[in-house]
Each structure stands twice: as C-alpha cells, then as structure tokens.
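The values are calculated or read from the model by the stated rules, or taken from the named source; none is laboratory data. Treat the numbers as computed from the prediction; the structure is a model and nothing was measured. Cβ: placed from backbone, ideal geometry, glycine included. Neighbour counts: every protein chain shown. The area values use the complete protein model at the heavy-atom level, side chains included, leaving out ligands, DNA and RNA. Shrake-Rupley method; radii C 1.70, N 1.55, O 1.52, S 1.80 Å.
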Amino acid sequence: MKIIVTEKLAEAGVEVLRQAGDIDVDLRVDIPRDELLKIIDGYDAMIVRSNTAVNEELYKKAGKLKVVGRAGNGVDNIDMQGATSRGIIVVNTPDSNSVSACELTIALMLAAARNIVRHQDRLRKKVWSRNGLMGKELLGKTAGIIGLGRIGALVCTRLQAFGMKVIAYDPYISDSRFAKLNAEKCAELKDLLPRADFITIHTPKTEETIGIIGAAELAAVKEGVIIVNCARAGLIDEAALGAALKDGRVAAAGIDVLAGEPQAVSPLIDCENITVTPHAGADTFEAQANVGRTIAEEVLASLRGEMVTNAVNLPNLLPNELGRMKSYLYLCEVLGKFYHQLEKEPVEKIEIIYQGEVSDLETSLLTRAVLKGLFEPIMKERVNYVNSTLIAQNRGIEAVESKKVGGADLNRSVEVIVSGRSKNFSAAGTVFSRNECKILQVNGYSLDLNPSPCMLVAMNEDKPGMIGQIGTILGVSKINIATMQVSRDKNNNAMMVMAVDSVVPREVLNMIGGVDGIKKVSFVKL
Ligand code: NAD
Ligand code: MLT
C-alpha cells in the first residue's frame, strides 16, 4: 500500500511509516496542486496538514484512496461528506497539539497586552522609547473565552493562574464542565462581549462560527478590549477587526490565523496594534513529534482495517474499548452477512438488539458493522464502517438499535432482525469471555457455530438420509467438510450448516438442491 505525505511531517512520524514493512511512503512536501491531482490515483492514504484541500476535485481522481490522515486537529480543509460517501476514513490528532496552541494563545495575549512587538520594532530602528506603549496587566481582569473545548479549557486554567476571572460562551457543553473549570457561563455571546477585557476564540470553523466576531459584535465589546484568535481564519471578520483596531475600540489583537493563508495577504498583517504569527499554534517540537507519531500510527492502523480512536467520520472510541470491540465488530459483521446470502428479498428495516455487556460498548459502531456485513455480499463499491449507515439511508432502509440489560443466559449477545417485504429473518450470536465468537441462531434455528469463511446452509425435511446425500455430493465434488451442525423445528424442518474448506460452486449447489427433501440450499461466504 502507498501513502503520500503532502505537508511537513515530523521525523518521528516519518520513521513510524518507514518502519512499516507493508507500506511505501512518498514524502512530497508542498507538492504543487496540479501534480498532486495527477498522481493521487496511485495512493491508498494521504497525510496532510491544513494547506492541502482534500475535496471533490481530489476525490474524483483518487480512486484508491481509503484513508486521509490530518496531522493536526481542524478538518475544515477536508470535505467530510465526500469522504464519508466514498467510505474514506478521516483520522486526525485532536489532542496532540492542544497545549502548544494554548501556549501560543497566552503568548499572543501577553504580547498584545504589553506591546512587545512594537517595542521591538522601535528598538530595531534604534529608538529607545516607551511612549504611547503603556501595557495592561492580566491580574484582576475578565477573560472571555468563546469555545470551552480542549484548548479553551487549557487556556481557562492558565488565565486563572494569572488571577483573571473567566467567563465563557459555549452552548454545546454541560453546565458541569463550566463548574469544573470554574468558568462563569454566558448563555449568549452578547452576554460575554461587553464584560470581557480580553476575548479569545477556540471554536472550530463551522457554518455557525464563521464571522462569529463581526462588525456587530465588535460594536458591543468593551472599549479597549484585547482579542486573540488562535483557532481558525474566518472566525473574525478581518475588515471589521481592522477598523476596530484603527479606531481604538479594540486596543490590540493577537492573531495566528489569517484570511488567505498560507499566503501572507491579509491586510491585518500591517495593522500597528496587532501581533501576528503564520498559523504557528502547533509549531513546537513537542507537538509536531506527538502529531507526527500519532497520525502515522492511526493511518497505518486504518489501512490495516484496525479500529482507531480518532476517526473523524466514525463514532469515537475510548482507547480501552478497542480490544473489547474487536470481537463484537467481527460478530456483528458476520451476523449482517447472512441475510443477502440466504434470502433474496430487499430489506425494509433492520433491527439490532444488544444484550448484556455489549450494550455498554459503542453500539453505534457495532450497528455500522452489521450494516457493512449486510451490504458487502451485494455491493461492488467499497462498504465499510464509515459509509455503511449512509448506504442504508440512501437505500431507504430503517436501521434501529435497542438495548436489553441483564439476561442470564445470553448476557453478551447481539441479535439482528431483518424485515423484508413479506417475511422476517433473524440471526444471533455472542462473544465468550476469551473473545470467542459463536453464532447461536439463524432464522429461529438454534446453533452453536464458530463462524467459518465458507459455509453451506441447507433447509431440508427432517428425515433420514439427508446428511449422507449432501456429504456424498460434496465428497464427489472434492469439497472437504470441516464441521457440521443440524437444528430442527417442530414442523419437520431442519437446518443443516456445514463449514467447508472451499467455495461450493453453483453447479454443486444445484445438485444438492435437486435432492429429494432439500428445500433450499445456499453458500455463505463470511
Ligand atoms: P474542541 O472541539 O475541543 O473545542 C471546540 C469547542 O468549541 C467545543 O467545546 C464546542 O462546543 C465549541 N463550539 C462549537 N461551536 C460553537 C459556537 N457556535 N459557539 C461557541 N462555542 C462553540 O477543539 P479544540 O481542540 O479546542 O480546538 C479549538 C480550535 O483551535 C479549532 O478551530 C482548531 O482547529 C484550532 N486549532 C488551531 C491550532 C493552531 O495552530 N492555531 C492548533 C490546534 C487547534
Ligand atoms: C490544527 O488544527 O491542528 C492546527 O491548524 C495546527 C496545524 O495543522 O498545524
């Protein structure tokens, strides 16, 4: 498999990629766009930072692309919907550079409050003068934080150490998080603006946050406020900020992210009372080594089909859940795979019931695994955990999950019920303590079956000679039987499931189907 790295990646990360025996790595840092579009078709994964637009134009040319690794946090340069619909997994490193971004925020705040860059400019011009550059202390002032996520919280505790009162606006976090951080909650942004002596923004760039500080908000701030943006360009209306910096309503600003980046074209750069850096929030040795290593490991794991903790277009997993999830993911996929190989009716609804310990896991991911299993036998396109729910939605299939607590006999079980137009189908299984998967029921027939790559499933009359006749046909056809199970109902029907060592060709299935008493025979590939 091949990975292309299009932006600078720390040596620690490159080393992880090079050590992987099964991967070819091409370091094409800052490759021109047209060249990237020409060669991207040859790659299974790409690692980018914020300057590579991963969009429809690129996806159309990237036929093999399976994984996009964002070496950093923000994914606003990645078209997530385009990735998801193609089953491309997007992974990032949301925690690896938070401290560095936080520390640059504090640095910009202090630099702005103490006019550090302007002092330096004068000295470089051999002017020794402090005139007109009186600074401001942080002690006793109010800091207004917009977005109290990872970085917002780190900034909050550090500003409190300076003796500041913190008020914050973030409509998406709980009151308990505000309380834990000892930050006063502002129900609306307009409650924060007139009270804060310093404002710092730490939201992602979304439809809702673009221009979150515009002309109207700047008209509402406290006279002489200092504003910092170390999050994303576009959150502040730069023209409005430029005007407010000019008329003194905003005393100073510290800005790490600018319109037009990575070109230095923003008019803000030339404002006197601003301290600017070129999106350097994550540029520390520590953050880059962290980010590089983490993204390399995540991309490799994703390429190898393993679960990762930071997949942006998949539900988040806690690191300690990964191990326990593996066997359940496999079981769920297996249960999903039966339907289309045994039944020919289109699916209208699929219900997945989780019982016992499994219901404490991230079941939305397990449901994705069931759907992946359901579609794989009938779809040519790539189906994976990323796009399986979208495929269900697009096909008008209702996917419902429910949970049952307790249950002594099957306390780790998953049951899948598929409703077709005229009938229902079901399959159930469990994971035993040593991560051993078992299929316990198919269509109401009780079984105790280890999933096997090739299985023959026959429905027959419950009468003598059936097993022997099928065995003879398989033997003559040189197909070895590994294990076998029979289960029967009260109406003289039986289900026979044979694990076989090779694919059963159509003509052999037809021969078996022709045996008197055989009602239906199918080959199931897991
Ligand atoms: P995060 O997801 O942990 O936190 C973002 C917070 O913003 C969340 O708590 C969310 O509820 C809140 N939020 C979302 N919409 C909001 C709205 N409309 N109003 C108020 N709050 C809202 O993200 P993070 O890791 O803390 O990163 C914050 C920002 O910093 C992101 O934009 C990220 O891309 C950026 N970042 C920049 C650098 C850099 O180099 N300058 C480095 C790392 C991260
Ligand atoms: C991020 O979102 O992580 C930052 O933009 C930092 C970066 O990509 O270097």
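Within the stretch 378-398, restricting attention to residues that are in contact with a strand residue (DSSP E or B) (Cβ under 7 Å, 6 or more places away or on another chain) and farther than 22 Å from ALA311 by Cα, the residue that is least open to solvent (accessible area, probe 1.4 Å) is ILE397.
Residues in the stretch 108-124 that are in a helix (DSSP H, G or I) and either buried (at least 23 other Cβ atoms within 10 Å of the Cβ) or touching a residue at least 60 places away in the same chain (Cβ under 8 Å) (or both): 8 in all. Can you tell me which residues in the stretch 16-37 are in contact with a helix residue (DSSP H, G or I) (Cβ under 8 Å, 6 or more places away or on another chain) and farther than 20 Å from GLY72 by Cβ? Listed by number, the residues that qualify are ALA20, ILE23, LEU37.
LEU526 meets all of the listed conditions (1) more than 23 Å from LEU331 (Cβ to Cβ); (2) modelled with pLDDT under 95 but one, namely (1).
Being within 23 Å of MET1 (Cα to Cα), more than 10 Å from ligand 1 (Cβ to nearest atom), in the same structural domain as GLU306 (by TED's automatic domain parsing) and crowded, with 20+ Cβ neighbours inside 10 Å holds for only one residue in ILE39, ILE89, and it is ILE89.
Just one of the listed residues (VAL75, VAL25) is away from ligand 2 (no atom under 16 Å from the Cβ) and open to solvent by less than 50 Å² (accessible area, probe 1.4 Å), and it is VAL25.
Among the helices (runs of 4 or more DSSP H) confined to the stretch 1-63, the ones with at least 1 residues that are more than 18 Å from ARG86 (Cα to Cα) and either hydrophobic (A, V, I, L, M, F, W, C) or in contact (Cβ under 8 Å) with a residue 40 or more places away in the chain (or both) are located at 11-19, 33-39. Of the residues GLY82, GLY144, the single one that is outside any loop (DSSP other than H, G, I, E, B), over 16 Å from HIS279 (Cβ atoms) and within 16 Å of ligand 1 (Cβ to nearest atom) is GLY144. Checking ALA251, ALA243, ALA264 one by one, the residue that is away from ligand 2 (no atom under 15 Å from the Cβ), out of contact with any Gly (no Cβ under 9 Å at 6 or more places or on another chain), open to solvent by 10 Å² or more (accessible area, probe 1.4 Å) and outside any loop (DSSP other than H, G, I, E, B) is ALA243 and no other. Considering (1) modelled with pLDDT under 95; (2) under 23 Å from the mean Cα position of the chain (by Cα); (3) surrounded by fewer than 17 Cβ atoms within 10 Å (Cβ to Cβ), the lone condition that ALA301 does not fulfil carries the number (3).
Considering each of LYS60, LYS66 in turn, give the residue that is in the same structural domain as GLU298 (by TED's automatic domain parsing), open to solvent by 80 Å² or more (accessible area, probe 1.4 Å) and over 19 Å from ALA252 (Cα atoms). Matching residue, one of LYS60, LYS66: LYS60.
Using the structure shown, decide if GLU362 is more than 16 Å from ligand 1 (Cβ to nearest atom) and surrounded by fewer than 16 Cβ atoms within 10 Å (Cβ to Cβ). So GLU362 fails the test.
Please indicate, with yes or no, whether at least one residue in the stretch 239-254 is of a type in the set (Lys, Arg) and over 29 Å from GLN160 (Cβ atoms). Scanning the stretch 239-254, I find at least one residue that is of a type in the set (Lys, Arg) and over 29 Å from GLN160 (Cβ atoms), so the answer is yes.
Which residue is surrounded by the fewest Cβ atoms within 10 Å (Cβ to Cβ), if the candidates are limited to the stretch 313-341 and must be in a loop (DSSP other than H, G, I, E, B) and touching a helix residue (DSSP H, G or I) at 6+ places or on another chain (Cβ under 7 Å)? For the stretch 313-341, the residue satisfying everything is PRO315.
Report yes if some residue within the stretch 271-292 is in a helix (DSSP H, G or I), open to solvent by 10 Å² or more (accessible area, probe 1.4 Å), among the small types (Gly, Ala, Ser) and modelled with pLDDT under 95; otherwise report no. No, the conditions are met nowhere in the stretch 271-292.
Restricting the search to the stretch 236-266, which residues are within 16 Å of ligand 1 (Cβ to nearest atom) and at positive phi? Of everything in the stretch 236-266, just one residue is within 16 Å of ligand 1 (Cβ to nearest atom) and at positive phi, namely GLY260. Is there a residue in the stretch 477-487 that is open to solvent by 40 Å² or more (accessible area, probe 1.4 Å) and in contact (Cβ under 8 Å) with a residue 60 or more places away in the chain? Within the stretch 477-487, not a single residue is open to solvent by 40 Å² or more (accessible area, probe 1.4 Å) and in contact (Cβ under 8 Å) with a residue 60 or more places away in the chain. The listed residues are ALA153, ALA183, ALA187, ALA219, and the only one of them that is farther than 18 Å from LEU241 by Cα and open to solvent by 50 Å² or more (accessible area, probe 1.4 Å) turns out to be ALA187. Taking first residues from the stretch 336-365 that are touching a residue at least 24 places away in the same chain (Cβ under 8 Å) and partners that are of a type in the set (A, V, I, L, M) and part of a loop (DSSP other than H, G, I, E, B), the Cβ contacts under 6 Å between residues at least 6 apart in sequence or on separate chains come to LYS337/LEU526; VAL347/ILE397; GLN355/LEU410; GLU362/LEU317. Per the listing ASN460, ASN384, the residue uniquely touching a Gly at 6+ places or on another chain (Cβ under 8 Å) and in a strand (DSSP E or B) is ASN460. Tell me whether the stretch 191-206 contains one or more residues that are among the β-branched types (Val, Ile, Thr), within 16 Å of ligand 2 (Cβ to nearest atom), in the same structural domain as GLY147 (by TED's automatic domain parsing) and surrounded by fewer than 17 Cβ atoms within 10 Å (Cβ to Cβ). Checked the stretch 191-206: at least one residue is among the β-branched types (Val, Ile, Thr), within 16 Å of ligand 2 (Cβ to nearest atom), in the same structural domain as GLY147 (by TED's automatic domain parsing) and surrounded by fewer than 17 Cβ atoms within 10 Å (Cβ to Cβ). Within the stretch 222-249, residues that are hydrophobic (A, V, I, L, M, F, W, C) reach partners that are away from ligand 1 (no atom under 16 Å from the Cβ) and in a strand (DSSP E or B) with beta carbons closer than 6 Å, at six or more positions or on different chains, in the pairs VAL225/VAL250; ILE226/PHE198; ILE226/ALA251; ILE226/ALA252; ILE227/VAL250; ALA244/VAL250. Number of residues in the stretch 83-123 that are at pLDDT 95 or above and acidic (Asp, Glu): the value is 2. Across the stretch 286-303, the number of residues qualifying as among the β-branched types (Val, Ile, Thr) and free of Cβ contacts under 8 Å to residues at least 24 places away in the same chain comes to 0. A count restricted to the stretch 125-150 and to residues that are open to solvent by 80 Å² or more (accessible area, probe 1.4 Å) and among the aliphatic types (A, V, I, L, M) stands at 2.
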